[in-house]
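The values are calculated or read from the model by the stated rules, or taken from the named source; none is laboratory data. Note that this is a predicted model, so its numbers are computed, not measured. Here Cβ is always computed from backbone atoms with ideal geometry, including for glycine, and neighbour counts include all displayed protein chains. Protein only, heavy atoms only, side chains kept; ligands, DNA and RNA dropped before computing areas. Shrake-Rupley method; radii C 1.70, N 1.55, O 1.52, S 1.80 Å.
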Amino acid sequence: MPESPHASDGRHIPVLLDEVIAALQPEKGQRIIDGTFGAGGYTRRILETGAFVTAVDRDPSAIEAGRAMENEFAGRLTLVQGTFSTLDQVALLGAPDGIVLDIGVSSMQIDEAERGFSFQKDGPLDMRMSSSGPSAADVVNRLKIGDLARIFNFLGEERHAGRIARMIDKRRTAEPFTRTRDLANAIEALVGRNPKVPIHPATRVFQALRIFVNDELGELVRALHAAERVLKPGGRLVVVTFHSLEDRIVKRFFSDRSGAGGGSRHLPQRDQRLASFTPVGKGVVIPAEDEALRNPRARSAKLRAGIRTVNPALAEDHAIYGLPNLPVFIETARN
Ligand SMILES: C[S@@+](CC[C@H](N)C(=O)[O-])C[C@H]1O[C@@H](n2cnc3c(N)ncnc32)[C@H](O)[C@@H]1O
């Protein structure tokens with residue numbers, strides 16, 4: 001996974017910013033939820049239109065850093081520490097005209113070695129965006145071999161998943177993994193470097209652990225359904241993803257909700273369903289060449305958006321996302 005870009009002051013550079021604003025169309029007096037505040041790049045541009053913003057982030061340090069912006073736009077920005085899957089609660093303040101999600105990690109999270117997201121800098125094997133709950137070290141040292149292999153295989157598309165899981169199991173009984181570099185070095189020693197592959201051999205395992213530790217796919221699915229429930233008719237949902245698994249979820253959600261297919265052959269009653277979203281534009285939006293050149297992290301970004309119709313929210317059918325049953329940490333770890 002590419003390293004995040006840096007602004008000259010070390011802050012996160014917002015990805016697809018103009019395209020997000022074009023799809024969201026925030027206006028003066030409207031109520032917008034930014035579900036992934038980060039460094040506030042999207043939020044600032046939305047506030048500059050005169051809209052009101054409720055901005056959510058699960059990372060307490062992102063919320064803390066945003067306090068200055070709260071003062072700057074006195075009365076129009078409300079910061080909430082929490083997860084975007086609980087948008088229903090955030091929307092109790094009033095049904096939103098727009099919701100934007102920019103899924104993934106921020107440059108600040110990657111850059112701070114103590115957060116444990118990166119193996120470029122040694123740090124504790126942590127990876128928790130919210131700094132609470134089981135860490136990556138808990139997962140690596142306590143899940144069964146088969147569960148680790150499934151996580152590496154599905155969430156990292158790692159072809160050596162089984163070998164790496166067995167190596168971890170052997171090594172952790174002698175000495176548990178506690179540091180990012182230690183795990184990265186052990187993976188490199190096992191599978192070696194392929195000169196034709198430009199990324200470090202631990203990249204996919206680290207990506208898989210991060211997605212698992214933060215339940216990133218589950219969070220996304222729940223947030224899409226919550227957005228469907230709370231948006232006003234005519235309200236806009238805009239989602240930016242950086243990973244094919246996430247983009248697939250967003251694509252299937254909009255396709256299913258707009259009645260444009262994606263429904264199962266086994267559920268013929270879907271044909272009679274009334275669409276809860278109409279698509280914005282012709283499908284996916286990707287960064288222009290100059291943004292991709294300026295900002296390596298933007299290269300994998302994909303934007304999809306929809307406009308809420310007047311029809312009621314549809315029943316949830318998580319089977320459309322094709323997600324496997326991944327282990328639940330607590331239950332599995334105690335076995
Ligand atoms: C890519 S950054 C967002 C950057 C932001 N759009 C900007 O312009 O500065 C993603 C942010 O989303 C937060 N985040 C990730 N998953 C989340 C979740 N499930 N609930 C709330 N915040 C989440 C991360 O902590 C991170 O700060």
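One table, with the values for the structure above:
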| item | result |
| --- | --- |
| Selected residue (only one of 81, 120 is more than 15 Å from the ligand (Cβ to nearest atom), under 25 Å from residue 246 (Cα atoms), of a type outside the set (Phe, Trp, Tyr) and open to solvent by 30 Å² or more (accessible area, probe 1.4 Å)) | 120 |
| Residue 104 being without any contact (Cβ under 8 Å) to a residue 40 or more places away in the chain, at positive phi and part of a loop (DSSP other than H, G, I, E, B) | no |
| Subset of the stretch 192-203 [surrounded by 17 or more Cβ atoms within 10 Å (Cβ to Cβ) and in contact with a His (Cβ under 9 Å, 6 or more places away or on another chain)] | 201 |
| Whichever residue in the stretch 84-101 is open to solvent by 10 Å² or more (accessible area, probe 1.4 Å) and among the β-branched types (Val, Ile, Thr) and, among such residues, is nearest to residue 217 (Cα to Cα) | 86 |
| Residue match in the stretch 54-65 (condition: more than 18 Å from residue 106 (Cα to Cα), at pLDDT 95 or above and within 20 Å of the chain's Cα centre (by Cα)) | yes |
| Every residue from the stretch 231-252 that is within 16 Å of the ligand (Cβ to nearest atom), part of a helix (DSSP H, G or I) and either surrounded by 21 or more Cβ atoms within 10 Å (Cβ to Cβ) or not aliphatic (A, V, I, L, M) (or both) | 246, 247, 249, 250 |
| Residue 40 being in contact (Cβ under 8 Å) with a residue 60 or more places away in the chain, closer than 29 Å to residue 128 by Cα and either of a type in the set (S, T, N, Q) or within 14 Å of the ligand (Cβ to nearest atom) (or both) | no |
| Any chance residue 104 is within 10 Å of the ligand (Cβ to nearest atom) and open to solvent by 20 Å² or more (accessible area, probe 1.4 Å) | yes |
| Selected residue (only one of 220, 209, 224 is farther than 24 Å from residue 21 by Cα, open to solvent by less than 10 Å² (accessible area, probe 1.4 Å), touching a residue at least 12 places away in the same chain (Cβ under 8 Å) and assigned to a helix (DSSP H, G or I)) | 209 |
| Filtered residues of the stretch 15-37 (kept if free of Cβ contacts under 8 Å to residues at least 24 places away in the same chain and either farther than 22 Å from residue 302 by Cβ or near the ligand (Cβ under 9 Å from one of its atoms) (or both)) | 28, 29 |
| Checking residue 188 against (1) acidic (Asp, Glu); (2) outside any helix (DSSP H, G or I); (3) farther than 27 Å from residue 287 by Cβ, the condition it does not meet | (2) |
| Counted residues, the stretch 66-101 - those being within 22 Å of the chain's Cα centre (by Cα) and free of Cβ contacts under 8 Å to residues at least 24 places away in the same chain | 1 |
| First in the stretch 290-318 and farther than 20 Å from residue 98 by Cβ and of a type in the set (D, E, K, R), second anywhere and open to solvent by 30 Å² or more (accessible area, probe 1.4 Å) and assigned to a loop (DSSP other than H, G, I, E, B), Cβ under 6 Å, 6 or more apart | 297/2 |
| Top-ranked residue in the stretch 128-139 [being under 15 Å from residue 151 (Cα atoms) and touching a Ser or Thr at 6+ places or on another chain (Cβ under 9 Å); ranked as surrounded by the fewest Cβ atoms within 10 Å (Cβ to Cβ)] | 137 |
| Number of the condition not met by residue 177 [criteria: (1) open to solvent by less than 20 Å² (accessible area, probe 1.4 Å); (2) more than 28 Å from residue 320 (Cα to Cα); (3) assigned to a helix (DSSP H, G or I); (4) of a type outside the set (D, E, K, R)] | (3) |
